[in-house]
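These notes are about the structure you will find just below.
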Amino acid sequence: MAEQSFQALEQAGWVAKAGEYDELFATITDQAIDPILGSFGAIDSKRVLDVACGTGHIAGVAAERGALSEGIDFASTMVAKAKGRYPKVSFREGDAEQLPYDDSSCDAVACGFGLLHMANPERVIKEAWRVLRSGGRYTFTVWCSPDQGGEFFNLVMGAVQMHGTLDVPLPPAPPVFRFADPGECTKVLMSAGFVDPKVLVLPLTWRAARPEDVLNIIYKGAVRTSMLLEAQTVQAREAIHQAILKGSEAFRKGNAIEFGFPASMATAAKG
Ligand SMILES: C[S@@+](CC[C@H](N)C(=O)[O-])C[C@H]1O[C@@H](n2cnc3c(N)ncnc32)[C@H](O)[C@@H]1O
């Protein structure tokens, strides 16, 4: 019940934010496409599945490189945008926990920044294992935590801890930075049956024109972080906003504000 509630909040959030996600967050997540696809080796004529595909860029770029790619996401608006952007690629609505694909039917499975939004990540990883052929590869990315050099999350989480609380009345959910821990990734991947896991950090960045853009990206392009801020009291939220606006100036480089937005990428093979 509680898990369904977290999943329902996530789904409603993504359905509402597909348009702005593409303009805001996809400018950061797109920087991970090359490393993700690179982890698969040659993808020409290979079946590449993009799970939690959002607006479809991993599947779209894979198709441009000759893959027979497909994407799946549970947010109807994300799928509609993906279809509009990449009309030759097949996208469908569906749940990463119950993939509508046959066993051993894919050569590679990607999940870009999806796992931290899943109520049952173990089930999602096991589903990726099921649909992969033997020798196929699974690669996912998540955000690094504030203490791993994530400047953006350091600023935002620091402001919440200083002026509000992390203990908000939201449905229970897996910790947001759980899979930024290489040991945890390795453990969960291996218990799903994967072999040869490797975890590395991708040094992604985000350039914003103004401090206000930081609030924009949270409220218009993100779901878990905006839920956290919306669950604060009005007074605490206002103090958090001010701390974020002021703190953003520390990252100013000339006319822009530049944040380190590192991601952790885990990749493993089906033996
Ligand atoms: C942060 S976005 C990532 C989108 C894209 N992969 C990228 O790299 O930009 C997270 C996506 O996960 C999707 N998602 C979350 N939980 C899901 C689930 N259980 N099944 C399918 N999609 C899910 C959301 O709808 C959203 O599009």
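The values are calculated or read from the model by the stated rules, or taken from the named source; none is laboratory data. This one's a predicted model, so the numbers in the text were calculated from it and none came from an experiment. As a convention, Cβ positions derive from the backbone with ideal geometry for all residues, glycine included, and neighbour counts pool all protein chains shown.
Numbers for the structure displayed
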{"item": "Residue match in segment 205-227 (condition: surrounded by 18 or more Cβ atoms within 10 Å (Cβ to Cβ), within 30 Å of residue 135 (Cβ to Cβ) and modelled with pLDDT of 95 or more)", "result": "no"}
{"item": "Test: residue in segment 151-168 that is in contact (Cβ under 8 Å) with a residue 40 or more places away in the chain, farther than 24 Å from residue 233 by Cα and surrounded by 15 or more Cβ atoms within 10 Å (Cβ to Cβ)", "result": "yes"}
{"item": "Boolean, residue 204 is more than 16 Å from the chain's Cα centre (by Cα) and closer than 28 Å to residue 75 by Cα", "result": "no"}
{"item": "Selection count where residues are within 14 Å of the ligand (Cβ to nearest atom) and on the phi > 0 side of the Ramachandran plot, scope segment 31-54", "result": "2"}
{"item": "Residue tally, condition within 15 Å of the chain's Cα centre (by Cα) and part of a helix (DSSP H, G or I), over segment 35-61", "result": "5"}
{"item": "Top-ranked residue in segment 114-140 [being in contact with a Leu (Cβ under 7 Å, 6 or more places away or on another chain) and closer than 21 Å to residue 10 by Cα; ranked as farthest from the ligand (Cβ to nearest atom)]", "result": "125"}
{"item": "Test result for residue 88, in a loop (DSSP other than H, G, I, E, B) and either within 10 Å of the ligand (Cβ to nearest atom) or basic (Lys, Arg) (or both)", "result": "yes"}
{"item": "Qualifying residue in segment 182-191 (condition: at pLDDT 95 or above, closer than 23 Å to residue 31 by Cβ, in contact with a strand residue (DSSP E or B) (Cβ under 7 Å, 6 or more places away or on another chain) and of a type in the set (S, T, N, Q))", "result": "no"}
{"item": "In segment 228-271, residue surrounded by the most Cβ atoms within 10 Å (Cβ to Cβ) [restricted to those that are of a type in the set (Asp, Glu) and within 21 Å of the chain's Cα centre (by Cα)]", "result": "258"}
{"item": "First in segment 104-125 and at pLDDT 95 or above and assigned to a loop (DSSP other than H, G, I, E, B), second anywhere and charged (D, E, K, R) and within 8 Å of the ligand (Cβ to nearest atom), Cβ under 6 Å, 6 or more apart", "result": "120/97"}
{"item": "Tabulated pairs, segment 61-76, first on the phi > 0 side of the Ramachandran plot, second surrounded by 17 or more Cβ atoms within 10 Å (Cβ to Cβ) and modelled with pLDDT of 95 or more, C-beta under 9 angstrom, 6+ apart or interchain", "result": "66/43; 66/46"}
{"item": "Boolean, residue 93 is surrounded by fewer than 23 Cβ atoms within 10 Å (Cβ to Cβ), within 14 Å of the ligand (Cβ to nearest atom) and either farther than 26 Å from residue 195 by Cβ or among the β-branched types (Val, Ile, Thr) (or both)", "result": "yes"}
